[in-house]
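See below for the structure under consideration.
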Amino acid sequence: MLFPTVTFALFFIVVLPVSWLLMPHQTRWKLFMLAASYYFYGYWNPRFVLLLVASSLFNQLCAVLIHRADNEQVRRLLLGAAVVGNLGVLGYFKYYGFFVSSGTNLLDNLGLNISPEILTVTLPIGISFFTFQALSYVIDIYRRTFEPVKMLEFAVFLSFFPQLVAGPIVRASEFLPQLKLRHDPRRVDSSRAFFLIFLGLFKKVVIANFLGTEIVDAVFGSPDQASSFEVLIGIYAYAVQIYADFSGYTDMAIGLALLLGFRFPQNFDAPYTSVSLQDFWRRWHMTLSRWLRDYLYIPLGGNRGSRLATYRNLMITMVLGGLWHGAAWTFVVWGAIHGAGLSFEHWRRERREARGEAEPDDTVWRRVGLRILTFNVVCFAWVFFRATSFQNAWDVLTRLLWHWTDPSPLITWAVLITIAVGIGAQFVPKEAMGRAMAAFSRLSPISQGAVLGLALFVTNTLGPRGVAPFIYFQF
């Protein structure tokens, strides 16, 4: 069920008032929210609701057993079973075909011709997201960050529909305490919620869908028919498309959760204003970045070991982060590019400190140069993220070299303006956005309705017909 559809609007119109009516009766509210979330998830394929239920039962059992165990070795064995169980299910649904075909190709190269029958496995939407949330819950129980909650509460946390299929990755420590609060509909920041929902709707329907249909799909679908200028603009357009698409979803998810009385963590913070790759990962998909840091990079040793160990940990973290996004070697390369870039930045910083050199002056021109460099490195990596194969990525990149004089009909003023808006809006000061939200909140309900109605009309007018699935639904 897609957010920007009439079907979801009708679903939410029913869920919102019933949720607030049942809120004083916590058990009834939890049962209702669980049923609503299962309906939302099962609308695409009802069979996978059973997978979500099984994940809830398995991880709650592991968490309770870990909490009750006194022997540290037993606790580690139980944690290992939980990790293996979760990653095993994720691996079967998401990586089965990838590993079998990769292994078969490797054996073919060694002269061993084996042709195993590869099953067609349907990938459940959002499995990567709720698997990571479940793992964070079990690991935090192992670390004694908090105690297990009741089964019903954990099931609501794992299936809560605003963030179920594409994040943000909300941790148990961020969500579960909110279940115990007294929620008052009169204290809901509805102005901010509606602002975020329509901002996300505009990003997705107008910016992301427009760039995808007007240039990105054509450039990556048939790079041999595009000019070098079209390829360059197509790569930049994809950078804006994936940002608008994913941040648009999380804006809507945060806004919908707010209307239900819950607060989600921020997931994006103007990532294309970054002055380094490290800065980029502090701003892009922030909940995933923090998850990888806390549950993978730091347990691997972080930067506490030798220089080479730090580089190894960065590479492992980013390569696995790339593989998390999709079962293809192109995602591994995407992660490796970021891992190598982060390692290089770490090496330069250590080298400067070893020489006793001061940090260069933070001038305007230096920031501009670093932003341009970082953005282009990120865009280079996006080519592999978007490409359907290595050959497709190679065709896109090589097309940049020799066809600058070819005609470029795909590049229109509308495309260029949309890209400029998508990037330029990230340089708008946070204070200005805060003032805009505050001004909207001061309007009367009738005026707010008029503004939202106008925004919806403009979005519907400017956006292409139909709504494409969110890019991160496939992850």
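FYI, it's all coordinate maths here, none of it is from the lab. Please read all numbers here as calculations on a predicted model, not as lab measurements. Counting neighbours? That spans all protein chains shown, and the Cβs are built from the backbone with ideal geometry, glycine included.
Overview of results
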read-out	value
Sequence-separation-based contact order of the stretch 190-474, relative, with Cα cut under 8 Å and 6+ spacing, percent	31 percent
Protection proxy ranking, peptides 28-34, 387-393, 56-62, average beta carbon neighbours within 10 Å, highest first	56-62, 28-34, 387-393
Value of Rg/Rh across the stretch 190-474 [Cα atoms, Kirkwood radius]	0.99
Value of Rg to Rh for the stretch 403-444 (Rh from inverse mean 1/r over Cα pairs, i.e. Kirkwood)	1.32
Computed lengthening from Arg186 to Leu50, 0.36 nm per intervening residue step minus Cα-Cα distance	45.3 nm
The chain: calculated mean residue ellipticity at 222 nm from DSSP helix runs of at least 4, using -39500 (n - 2.57)	-22000 deg cm²/dmol
Cα principal axis extents for the stretch 289-423, largest first, Å	53, 41, 28
For the stretch 292-362, fraction of C-alpha pairs farther apart than 13 Å, in %	66 percent
Under 11 Å, Cβ to Cβ, from Thr145 - net charge with Lys/Arg +1 and Asp/Glu -1	0
Relative contact order (%) - the chain, alpha-carbon pairs under 8 angstrom, separation at least six	19 percent
Peptides 316-324, 298-306 ordered by average Cβ neighbours within 10 Å, highest first	316-324, 298-306
Per-peptide average of other Cβ atoms within 10 Å, ordering 372-380, 223-231 highest first	223-231, 372-380
